[in-house]
Amino acid sequence: MASPIASASNPTSETSELEQVQRIAYEELLASCCHYDGILSILMQHRPYFEALPSVRRPEESMVAIPLPNVRSREVVETGGIIDTSYRIRQLPCDVVLMMCDPEWKIKTGIEIVLFIQRPGEDFSNLLSRWRQTQIELGQGVEWLMPRKHKHLLAEGTETPHPLFVVFTAGEGEPSAREERIVRGLTGANLPVARWAKEVFDPLTLDAMLND
């Protein structure tokens, strides 16, 4: 049987455990963003977006949150003088899209915020590339695939979305080199950043969560 001490000092084991913690932290935050209180806790870290909410007291009527959103675009192809129109559905590389809505008139205000949550193993260039790809997709003119509850809302997507990047931090103590690099790069590119403290799990807690 391998010694617990030897196992704990194994770099491969430590890397694998860190990846598991990162994956759980990402899944937990994405799940939290499916609820209004989770979204509000992130928006509060970037005042301009938080103040864009039509009503903080009525968040369920002031925004629509779609995790891992899909969009639909119309494509027109001409072959031999015949014009053929088709629709293509694809998933955007952002993690959540927020659509601000007027709680009185039950219509979209035109403000759309796309969240990019740091995924396991992601660095600065990965996060930035996902935003650039989202810009390309939305700039071509698309429709959101709306949840059934909000089918009555105009599905047309804006061509000027507002990004917000959520970067995980270990909480107390010095930030990691990756965290510093990501935040430095995003702020240098004039992109808004929210920090989110991930829990540091001990091995027993981690095993319990993985086996849930």
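When segment 102-142 is filtered for residues that are assigned to a strand (DSSP E or B) and either of a type in the set (Asp, Glu) or surrounded by fewer than 22 Cβ atoms within 10 Å (Cβ to Cβ) (or both), the ones remaining, listed by number, are Asp102, Ile107, Lys108, Thr109, Gly110, Ile111, Glu112.
Reported count of residues in segment 62-93, each being in contact (Cβ under 8 Å) with a residue 60 or more places away in the chain and closer than 30 Å to Ala25 by Cβ, is 5. Any residue at all in segment 82-89 that's within 26 Å of Glu159 (Cα to Cα) and modelled with pLDDT of 90 or more? Within segment 82-89, one or more residues are within 26 Å of Glu159 (Cα to Cα) and modelled with pLDDT of 90 or more. The lone criterion from (1) under 16 Å from Val96 (Cα atoms); (2) aliphatic (A, V, I, L, M); (3) modelled with pLDDT under 90 left unmet by Ala177 is number (1).
Any idea which of (1) within 13 Å of the chain's Cα centre (by Cα); (2) modelled with pLDDT of 95 or more is the one Pro120 doesn't satisfy? Of the numbered conditions (1) within 13 Å of the chain's Cα centre (by Cα); (2) modelled with pLDDT of 95 or more, the odd one out for Pro120 is (2).
Pro147 fulfils the conditions (1) surrounded by fewer than 19 Cβ atoms within 10 Å (Cβ to Cβ); (2) of a type outside the set (Lys, Arg); (3) out of contact with any Lys or Arg (no Cβ under 7 Å at 6 or more places or on another chain); (4) over 24 Å from Val71 (Cα atoms) except for a single criterion, (4).
Confirm whether Arg72 is out of contact with any strand residue (DSSP E or B) (no Cβ under 8 Å at 6 or more places or on another chain), not aliphatic (A, V, I, L, M) and not in a helix (DSSP H, G or I). For Arg72, the condition - out of contact with any strand residue (DSSP E or B) (no Cβ under 8 Å at 6 or more places or on another chain), not aliphatic (A, V, I, L, M) and not in a helix (DSSP H, G or I) - is not met.
The values are calculated or read from the model by the stated rules, or taken from the named source; none is laboratory data. These figures come from a predicted structure and were not determined experimentally. Heads up, the Cβs are rebuilt from the backbone with ideal geometry, glycines too, and the neighbour counts pull from every protein chain shown.
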